[in-house]
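The values are calculated or read from the model by the stated rules, or taken from the named source; none is laboratory data. Computed from a prediction, not measured in an experiment: that's the story for all the values here. Cβ atoms come from the backbone with ideal geometry, glycine included; neighbour counts cover every protein chain shown.
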Amino acid sequence: MFAFSYNGQKTVKKVFSIFIELAQNIYLYSAKRAVVDNKEVGVGIIVIEKSNNFYRIKSGNLIANTVIGPLVDKISHINSLEKDKLKDLYNQQLKSPREKGKTGGGVGLITIVRKSGNPLGVILDTIDTDQTFIELSAKVDEEDN
């Protein structure tokens, strides 16, 4: 366990914001579910690593194999965008009507890339014909302010 050393309030806010987005992804989309306080929630793991000049926030959870293709395509598209185009996509998603039965606003992955300033990492490990373990990782460079 580590404590955040004071390296700038901006860095701490970015790490916390990304932590929240990854936790929400697990909560909403994990294929493995548990009942907590009579409510079904997603099961997964989040790790924050500290390096010399950056933090890496990682999440891991099971997802259905049926969503891998569209998810990887979405991440690749988000990672390919410049800062101004990411902002445009974010605003477009916020204005778009939500699909019936869909949770969230569709901006979580975009938010992670915008906050981190780095591409979103993804590692897939197929478990069986139905499920894959997905690891998402975001690198946040330390700032001095």
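A few remarks follow.
- Looking across segment 25-65, just one residue is among the β-branched types (Val, Ile, Thr), under 14 Å from Ile127 (Cβ atoms) and surrounded by fewer than 18 Cβ atoms within 10 Å (Cβ to Cβ), and that is Val43.
- Tally, over segment 82-118, of residues that are surrounded by fewer than 16 Cβ atoms within 10 Å (Cβ to Cβ), within 14 Å of the chain's Cα centre (by Cα) and under 19 Å from Glu143 (Cβ atoms): 1
- Candidate set: segment 95-145, residues that are among the hydroxyl-bearing types (Ser, Thr, Tyr) and at pLDDT below 95; chosen: the one farthest from Ile78 (Cα to Cα): Thr103
- Looking only at residues of segment 119-136 that are part of a loop (DSSP other than H, G, I, E, B) and among the hydrophobic types (A, V, I, L, M, F, W, C), we find that the one that is surrounded by the fewest Cβ atoms within 10 Å (Cβ to Cβ) is Ile127.
- Across segment 36-76, the qualifying residues are those that are part of a strand (DSSP E or B) and among the charged types (D, E, K, R), and the one among them that is nearest to the chain's Cα centre (by Cα) is Lys58.
- Identity of the residue in segment 24-35, of a type outside the set (Ser, Thr, Tyr) and within 17 Å of Gly106 (Cβ to Cβ), that ends up nearest to the chain's Cα centre (by Cα): Asn25
- Residues of segment 91-130 classified as within 17 Å of Lys58 (Cβ to Cβ) and polar (S, T, N, Q), total: 3
- Hits in segment 8-65 - residues which are among the charged types (D, E, K, R) and on the phi > 0 side of the Ramachandran plot: Asp37
- Residue count, segment 3-26 (criterion: in contact with a strand residue (DSSP E or B) (Cβ under 8 Å, 6 or more places away or on another chain) and modelled with pLDDT of 95 or more): 8
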